[in-house]
Amino acid sequence: MTARTKILLIEDHPIVRDGCLRILARRPDFESMEASTTQAGLSANRSFMPDVIILDLELPDGSGLDAMPELKRDNPGARVVIFSMYEAASFVTRALERGARGYVTKNDDPNAILQAIDKALAGAVYLGQSVAQNLALANFEQPEDPLRALSEREKQVVTLLGEGKSLTEISTALAIGYKTAANIVSTVKQKLGIGTSPALIKFAVELKGRA
């Protein structure tokens, strides 16, 4: 009997996770396991040793992109397919640079997940229709992403600063402590080479205006 392909789904939203597992269940050659946090996903990756990891970018305890190096280090043969609500070219580029073999958004056709898995297993790269178009346009007309060095959480904080949010509002919006939000702002300033918080806010507002 041929061994089934092991699929690990790391996704925090129960309804989305259930829907994705139902799609995977259409394939009798797949064996699936699920995790809802980064830490649970890292643990499942070590014990289950999946062939393919379907990975959300935004998880309760961290960024999926930030977890990719450890996932790959623990399981070098695994192919990672990103499954995210984010369609911006900057997210796709960073995912591919970190070794992702596919990028599917939650607005894509449900069969895109299966297509991405098959492509990844075949050694190819699969991009959903919307992100492929966004990536092509970005490569054609946009300069380098100024937030390239930031984690997904740090980018979120910059976006909220650009919307005029205070640290208190940011901590509430992201469900993190005020001190954590302040520490993220300090890290962002260091990474971007921006000396003061007002200068960072000005940068964030100008960046939002160019979006």
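The values are calculated or read from the model by the stated rules, or taken from the named source; none is laboratory data. Keep in mind it's a predicted model, so treat the numbers as computed, not measured. Here the Cβ is made from the backbone with ideal geometry for all residues, glycine too, and neighbour counts use every protein chain on show. Remember, those area values only see protein heavy atoms, side chains included, never the ligands or the DNA or RNA. Shrake-Rupley method; radii C 1.70, N 1.55, O 1.52, S 1.80 Å.
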For segment 162-191, name all the residues that are of a type in the set (A, V, I, L, M) and within 21 Å of the chain's Cα centre (by Cα).
-> 170, 173, 174, 175, 176, 181, 184, 185, 188
Filter segment 153-193 for residues that are open to solvent by less than 30 Å² (accessible area, probe 1.4 Å) and either in a loop (DSSP other than H, G, I, E, B) or farther than 24 Å from residue 64 by Cα (or both) and give the result.
-> 174
Residue list for segment 76-101, restricted to those being among the polar types (S, T, N, Q) and either open to solvent by less than 10 Å² (accessible area, probe 1.4 Å) or part of a strand (DSSP E or B) (or both) | 84
Which one is surrounded by the most Cβ atoms within 10 Å (Cβ to Cβ), of the residues in segment 1-56 that are part of a loop (DSSP other than H, G, I, E, B) and basic (Lys, Arg)?
-> 27
What are the residues in segment 107-128 that are surrounded by fewer than 19 Cβ atoms within 10 Å (Cβ to Cβ), in contact (Cβ under 8 Å) with a residue 40 or more places away in the chain and closer than 17 Å to residue 87 by Cβ, if any?
-> 110
Quick one: residue 65 ticks every box in (1) open to solvent by less than 20 Å² (accessible area, probe 1.4 Å); (2) in a loop (DSSP other than H, G, I, E, B) bar one, so which box is it?
-> (2)
Output the residue which, of all residues in segment 153-203 that are among the β-branched types (Val, Ile, Thr) and touching a Leu at 6+ places or on another chain (Cβ under 8 Å), is nearest to residue 63 (Cα to Cα).
-> 157
Looking at residue 158, is it β-branched (Val, Ile, Thr), closer than 28 Å to residue 102 by Cα and at pLDDT 90 or above?
-> yes
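Results for (1) of a type in the set (D, E, K, R); (2) touching a Ser or Thr at 6+ places or on another chain (Cβ under 9 Å), shown as yes or no for each residue.
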site	(1), (2)
15	no, no
31	yes, yes
43	no, no
50	no, yes
63	no, yes
72	yes, no
How many of the residues in segment 77-92 are over 28 Å from residue 46 (Cβ atoms) and of a type in the set (Val, Ile, Thr)?
-> 0
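Each row is one residue, and each column tells you yes or no for (1) in contact (Cβ under 8 Å) with a residue 60 or more places away in the chain; (2) touching a strand residue (DSSP E or B) at 6+ places or on another chain (Cβ under 6 Å); (3) aromatic (Phe, Trp, Tyr).
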residue: 34; (1), (2), (3): no, yes, no
residue: 57; (1), (2), (3): yes, yes, no
residue: 62; (1), (2), (3): yes, no, no
residue: 67; (1), (2), (3): no, no, no
residue: 73; (1), (2), (3): no, no, no
residue: 83; (1), (2), (3): yes, yes, yes
residue: 87; (1), (2), (3): no, yes, no
residue: 92; (1), (2), (3): no, yes, no
